[in-house]
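The block underneath contains the structure these notes are about, expressed in structure tokens.
Each value in this text was obtained by applying a stated rule to the coordinates, not by laboratory testing. Fair warning: this is a prediction, and the values are worked out from it, not measured in the lab. Virtual Cβ from ideal backbone geometry, glycine too; neighbours counted across all protein chains shown.
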Amino acid sequence: MKNTLILALSFLFSFELFAFDSIRLMTLNTWMIPFLRKDSVARAKIIGHEINNYDLVVLQEAFNARLRRKIVAATNGSFEASSVPNSPTKINSGLFAFSKFKITDQNFMPFKNCGGVQCASRKGVQHLRLELPSGQLLDVFNTHLQAFEKDATVRALQLQQASEFISKINGNDLPAIFAGDFNIISEIAEYSIISGVLLGFTDVWANVNPGDPGYTWDPFSNYYAKEDHEESTLVQRIDYILVRNGKGTEWRINRAQLALNSPMPYKKLINKTFASDHFAVTTELELHSY
């Protein structure tokens, strides 16, 4: 009897020590920009169907309310959807998120700095606080930084504002995910700003796929992507998923892959189509609590 009790207590202790939540996550810049939305309805439905494969999805450039509704309609109804409130003077942020986990809090921080035509959009950082099945809370941040390599100074200011917002919301207590279209090319010097400003965050792609470029912008294989000769390279990894441990929690990154990186069929189109001019980044994570 005594031995049985010891074994039972050991089992319970081990379960508590190694309890974890599994999360399948995707980030995608949807290319649902206000004016040029080629094959937009078909692409919205393709994106919505793809969302069903994940627990948590963050989207960027989902500017159009009608297309956001098309995306929602194509999901299986098991998600809470969250968008950022519109501004009376600017195009909305384009940030949109889906979660199978309970959303307990939501916030948004608009950037103070921008450049050129992108100042017409209310870009910033979207925040969701989620309650995972174990009861563990998780902070998720979604963003879309200034585009074009020449605007690195603007991105640096935006990333600093994002870091301050994350610190204000999170305070390093809860585990965090920060994902989105950073427009920072992973193969040039600017990439170092991510680790320099976002202290404690890990780039999941670089962590599990060393040596694999993981290009999310590829004009050679995606006909929606367009060459830009102002950039230092035409193929780029500019979409990221970053994770940071919290107190009493630790991330385990099991996998990071590209998704929606080949043309998909849609019944009302003769030919298959890409979901966006970007490819999606996905990851399978475990959040261990002890």
Discussion item. Looking at the chain only, what percent of DSSP beta bridges run antiparallel? Nearest 5 please.
Written reply: 80 percent
Practice prompt. Rank these for me by crowding, TYR215, TYR223, TYR191, TYR54, going from fewest to most other beta carbons within 10 Å.
Written response: TYR223, TYR191, TYR54, TYR215
Worksheet entry | For the range 128-176, radius of gyration divided by Kirkwood radius, i.e. Rg to Rh on alpha-carbons | 1.12
Worksheet item: In whole angstrom, how far apart do the alpha carbon centroids of the range 212-233 and the range 97-174 sit?
Response: 25 Å
Worksheet item: Quick one: helix 40-51 against the long Cα principal axis of the chain, what's the angle to the nearest 10°, folded into 0 to 90?
Response: 10 degrees
Item to complete: Could you tell me how many degrees, from 0 to 90 and to the nearest 10, lie between the Cα long axis of helix 152-170 and the main elongation axis, the longest principal axis, of the Cα atoms of the chain?
Response: 30 degrees
Worksheet entry | Descending Cα extents along the principal axes, the chain, whole Å | 73, 44, 43
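Taking GluC sites (Glu not before Pro) as candidate sites, keep only those in a DSSP loop with at most 14 other Cβ atoms within 10 Å, then name the longest stretch of the chain containing none of them.
1-186
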